[in-house]
Amino acid sequence: MKIFARFTALVLSVLMLANIAACSEKPAETSQSQTSAVTTDIQAQTEETTSAIASETSEDEETVPTFTMPEAPGKNSEGLEFEAIDKTTAKVTGLGTCTDTKVVIPCETPEGLTVVQIADKAFIETNVTEVIVPETVTSIGNHAFRYCANLTSVRLTDHITSIGSFAFSNCLNLTHFVMPAGITKISDSMFMGDLSLKTIVIPDSVTDIGYFAFRDCQSLNAIDIPEGVTSIGEGAFERCKSLEFVKIPESVIYFGHHAFSSSGLVSLQLDCRLITAYAFYRCRKLEKVVFSDKVVRIECGAFSSCEAIVDLAIPDSVEWVDVGSFANCTSLTTVVVPQETVGNNKSEVFGGCKGVLSVNGKSPKEYFDNWVY
């Protein structure tokens, strides 16, 4: 504010000088000596004000905020193909004659129809590298950008409420993705085979992760599954070899077979009630599993062939552990398990676990009458 006040004074001083100069060409009642004196005084004030502004600007330099303007989306792509949905809206159906690799989808067609959809297979197997979707679009169809091997950037708005199955699958160079805030489901196989995908932001609005949604996303190294997700589909994160940690929230009621099998998980926290069959099968790096007291059932093969687990503590809340749930966990040495949890299955739960030394503080043969491995 000080700077602004002094700057205003400077401007006023300059204006006064200009006014005196203009008036000097006209008859004036003021003598030349008086005019000269006033001019000299104003010039002195101007120099003083300029010096003060420079000084205060230097002192306050770090407190002046700077802003970086966001990159403009660029010119709308021309030559795209559209198809009318009704009298006022349309969907983009393909590249048409457009040769752009950076595709900026317009809000309107050349005929003035509002673009509200990206059609099924609209850009499948094309050479697009970047796509910018306008706020008028609310849905993206099945396979819309599948096999776009050069696609590296996707800019969506929160107006999008649905994205179809396989929409971005096999996009080999896509590394990051932010889901729109209005999305409630990550559709089946949406990102399957995206070998370079490292991070994805999942909004709190999502309740359902479809089957094979991230299967073979071998670079995916972190995933935050928000509280509110109720279903994780079959094979959703299967063979995500770089994924080292995941927390399954309490809200998850169901996740399908092989949901995380053959992934790179090293540690795992489970707050859900049911752990389905083969959910973590062959997670060979998995060392630590933390069960909360919300878990009540572990189905067959859920952790079979998890060869790095050494210690296992199953909480009292678990009512049933099925056959082979921890089969072939060859590094397992210590087990803590509720007395009645394994029911009649007994040692079959731990078949092939040759290294087990202690079950609830006793030897396996002492604890299980029919201990075999």
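Laboratory data are not the source of any read-out in this text; all were calculated from the coordinates shown. All values derive from a computational prediction rather than experimental measurement. Please note: Cβ atoms are built from the backbone with ideal geometry, for glycine as well, and neighbour counts cover all protein chains shown.
Run the quick spin-label model on Asp204 and Ser153: label points 7 Å from Cα toward the beta carbon, then report their separation in nm to one decimal.
Reported label-point gap for Asp204 and Ser153 is 3.0 nm.
Using 7 Å Cα-to-Cβ label points, what is the Lys87/Leu172 separation (nm, one decimal)?
4.9
Scan the range 69-145 for GluC sites (Glu not before Pro) in coil per DSSP, keeping those whose Cβ has at most 13 other Cβ atoms within 10 Å, and list them by number.
Values: sites: Glu71, Glu78, Glu81, Glu83, Glu108, Glu111, Glu125, Glu130, Glu135; in loops: Glu71, Glu78, Glu111, Glu125, Glu135.
In loop regions of the range 69-145 (DSSP not H, G, I, E or B), the sparsely surrounded GluC sites (Glu not before Pro) are Glu71, Glu78, Glu111, Glu125, Glu135.
Among Phe303, Phe191, what is the fewest-to-most ranking by other Cβ atoms within 10 Å? Intermediate values should be presented prior to the final figure.
Values: Phe303 27, Phe191 24.
Going from sparsest to densest Cβ surroundings: Phe191, Phe303.
List, in the order given, every pair from Lys121/Lys285; Lys288/Lys362; Lys91/Lys241; Lys241/Lys288; Lys75/Lys185 whose Cα-Cα distance in the structure shown is over 28 Å.
Details: Lys121/Lys285 38 Å; Lys288/Lys362 22 Å; Lys91/Lys241 37 Å; Lys241/Lys288 17 Å; Lys75/Lys185 32 Å.
Going by Cα-Cα distance, Lys121/Lys285; Lys91/Lys241; Lys75/Lys185 fall outside the 28 Å limit.
Got a sec? Charge dipole of the range 227-274, +1 on Cβ for Lys and Arg, -1 for Asp and Glu; which of Ile253, Gly233, Leu265 is way out at the positive end?
Farthest towards the positive pole: Leu265.
Mind running the shape call on the range 148-208? Use the C-alpha gyration tensor, a ≥ b ≥ c as the square roots of the eigenvalues: rounded below 1.5 for a/c, prolate if a/b tops b/c, oblate otherwise.
Working: a/c = 1.87, a/b = 1.58, b/c = 1.19.
Because a/c hits 1.5 or more and a/b exceeds b/c, the range 148-208 counts as prolate.
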